[in-house]
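Structure record follows, encoded as structure tokens.
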Amino acid sequence: MIYFLAFALCMPVANWLIGNVGTVCIPDGPCLIPVGFGLMAPSGVLMIGLALVLRDQVHETLGAKWAAAAIAVGAALSFATSAAQLAVASTLAFVLAEVADFAVYAPLRAKGRSLAVMASGAVGAVFDSMLFVWLAFGSLEFSGGTILGKLYASAAVAAFFWMRARRAVAA
């Protein structure tokens, strides 16, 4: 249930970060953080990169129905705590990204968890990033940085699962 709660909280926390935390905050726009290669991303990328991985963990431990329920809880919390435009953008992007992520994760899981996490995270990152920045800000300007930030999170967690699997085999 910890994974469920953490996953459900990712969307509203990401929306809060976008409006409150960043190295640069654009008036009537997002707060941004640098993600490398001269790219900036809305600061919520920190949570959504984590969400892409937590979704896989919820799916792994509780099942797909619980992952869908966590998305619904996250959307409800987002609407209760965020501006309407941000809540709509994050909910639509989150749902479509999670569907795409799930469609990749489930069939690849049998071939290895690290591969499934990385591939599904990449697909989810692209869907979520492009759709969210377009819906929330009317532009794709920050989608490149947002995709990169989310890929960092997916790569870090995929590496963690790969190292954990290696230790289990060695033990």
For the stretch 116-127, state whether one or more residues are within 13 Å of the chain's Cα centre (by Cα), among the hydroxyl-bearing types (Ser, Thr, Tyr) and under 23 Å from residue 65 (Cα atoms). yes
Odd one out for residue 89, checked against (1) among the aliphatic types (A, V, I, L, M); (2) over 16 Å from residue 135 (Cβ atoms); (3) modelled with pLDDT of 85 or more; (4) touching a helix residue (DSSP H, G or I) at 6+ places or on another chain (Cβ under 6 Å): (2)
Could you say whether any residue in the stretch 41-58 is surrounded by 15 or more Cβ atoms within 10 Å (Cβ to Cβ), without any contact (Cβ under 8 Å) to a residue 60 or more places away in the chain and among the polar types (S, T, N, Q)? yes
The one condition residue 87 fails out of (1) in a helix (DSSP H, G or I); (2) closer than 30 Å to residue 161 by Cβ; (3) out of contact with any Asp or Glu (no Cβ under 8 Å at 6 or more places or on another chain) is (2)
In the stretch 143-171, which residue that is among the polar types (S, T, N, Q) and farther than 18 Å from residue 116 by Cα is surrounded by the fewest Cβ atoms within 10 Å (Cβ to Cβ)? 143
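The values are calculated or read from the model by the stated rules, or taken from the named source; none is laboratory data. On a predicted model such as this, the values are computed, not experimentally measured, just so you know. Please note: Cβ atoms are built from the backbone with ideal geometry, for glycine as well, and neighbour counts cover all protein chains shown.
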